[in-house]
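Novice: Could you have a look at this structure, given as structure tokens, before my questions?
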Amino acid sequence: MKTKIIAHRGASGYAPENTMASFLKALEMGADGIELDIHLSADEHLIVCHDEKVDRTTNGEGFIKDLSLKMLKELDAGSWFDEKYINQKIPTLEEVLELLIGKNILLNIEIKSGPIFYNGIEKRIVEVISKYGYINQTIFSSFNHFSLVDIKKINNKLKTAPLYMAGLVNPWKYAKEIGADGIHPMFYGINSDIVKGCLEHNLFINTFTVNAPHHLKSIIDLGVTGVITNYPDIGLDLKIKKSI
Ligand code: G3P
Ligand code: CA
């Protein structure tokens, strides 16, 4: 089985994370999927950004929950990475979905939920994903597994995967218990038994965030269904070599 190469916050090793530039770069490289993070603005727009504050990745400051879409759109989300990205803005989920129209690419939406909580964020995300007809190509993940249970309550057909850091021994049992379709573990906590167990239980296993080439090689060799990486080109290269 071929491992899906999922671009973490877009091709964030080469362009500012969670911007249209990083998503476009991932598409150009031929990534099988993109991962992004979602928060809710003060006026309840779905905002693509990793941190709960804009301070690290823009020239602004403050919590996303306190800023309107208009205020967020005034920020420069690219220069912190490289001056040539000065025109990059924080995208909305809708804008990213516009980019994906007609492309057969996996979308992994990480719902950021806690310690800042966004009331009704799950419902809002599902509405937008449905509007764009992207339900079958989307995986919802979160470190807050209550959010994933909520997603399943909205529509049981939506695909969910809990994110976790530590090494659960029988993660398929837990995944089944919360109705998930797969798991998204940190790559340090997995081995061949975990991969085998997941596949035997019809669960996908996409692991994060695998960046060093030697790590990418050993994790792809384990036969995981997906790797989430800042360097999709390296993952894709290894995948091609493996299939020769
Ligand atoms: O989806 C995997 C990974 O994105 C989770 O961690 O902190 O990069 O959002 P983080
Ligand atoms: Ca993430």
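Novice: Checking Val48 against (1) closer than 28 Å to Leu148 by Cα; (2) free of Cβ contacts under 8 Å to residues at least 60 places away in the same chain; (3) more than 14 Å from ligand 2 (Cβ to nearest atom), which test does it fail?
Specialist: Checking Val48 against (1) closer than 28 Å to Leu148 by Cα; (2) free of Cβ contacts under 8 Å to residues at least 60 places away in the same chain; (3) more than 14 Å from ligand 2 (Cβ to nearest atom), the one that fails is (3).
Novice: Taking Ile194 as the residue in question, decide whether it is on the phi < 0 side of the Ramachandran plot, among the β-branched types (Val, Ile, Thr) and more than 20 Å from the chain's Cα centre (by Cα).
Specialist: Considered against the rule, which asks whether it is on the phi < 0 side of the Ramachandran plot, among the β-branched types (Val, Ile, Thr) and more than 20 Å from the chain's Cα centre (by Cα), Ile194 comes out as yes.
Novice: Before we move on, is Asp66 charged (D, E, K, R) and free of Cβ contacts under 8 Å to residues at least 12 places away in the same chain?
Specialist: Working: charged (D, E, K, R): yes; free of Cβ contacts under 8 Å to residues at least 12 places away in the same chain: no.
Here the answer is no, as Asp66 does not meet what is asked.
Here is a yes/no grid of residues against (1) more than 15 Å from ligand 2 (Cβ to nearest atom); (2) out of contact with any strand residue (DSSP E or B) (no Cβ under 9 Å at 6 or more places or on another chain):
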{"site": "Ile6", "(1), (2)": "no, no"}
{"site": "Arg9", "(1), (2)": "no, no"}
{"site": "Asn18", "(1), (2)": "no, no"}
{"site": "Phe23", "(1), (2)": "no, no"}
{"site": "His39", "(1), (2)": "no, no"}
{"site": "Glu52", "(1), (2)": "no, no"}
{"site": "Thr57", "(1), (2)": "no, yes"}
{"site": "Asn87", "(1), (2)": "yes, yes"}
{"site": "Leu93", "(1), (2)": "no, no"}
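Novice: Does region 75-87 include one or more residues that are buried (at least 22 other Cβ atoms within 10 Å of the Cβ) and of a type in the set (Val, Ile, Thr)?
Specialist: Checked region 75-87: no residue is buried (at least 22 other Cβ atoms within 10 Å of the Cβ) and of a type in the set (Val, Ile, Thr).
Novice: His39: over 30 Å from Asp221 (Cα atoms) and in contact with a Phe, Trp or Tyr (Cβ under 7 Å, 6 or more places away or on another chain), yes or no?
Specialist: Details: over 30 Å from Asp221 (Cα atoms): yes; in contact with a Phe, Trp or Tyr (Cβ under 7 Å, 6 or more places away or on another chain): yes.
Taking the combined requirement at face value, the residue satisfies it.
Novice: Condition (residue is at negative phi and at pLDDT below 95) applied to region 122-131: is it met by at least one residue? Steps first, please.
Specialist: Step one: filter region 122-131 for residues at negative phi, giving 122-131.
Right, trim to at pLDDT below 95 and you get none.
No - not one qualifying residue is present in region 122-131.
The values are calculated or read from the model by the stated rules, or taken from the named source; none is laboratory data. Quick caveat: nothing in here was measured; it's all calculated off a predicted structure. We place every Cβ from the backbone using ideal geometry, glycine too, and count neighbours over all the protein chains shown.
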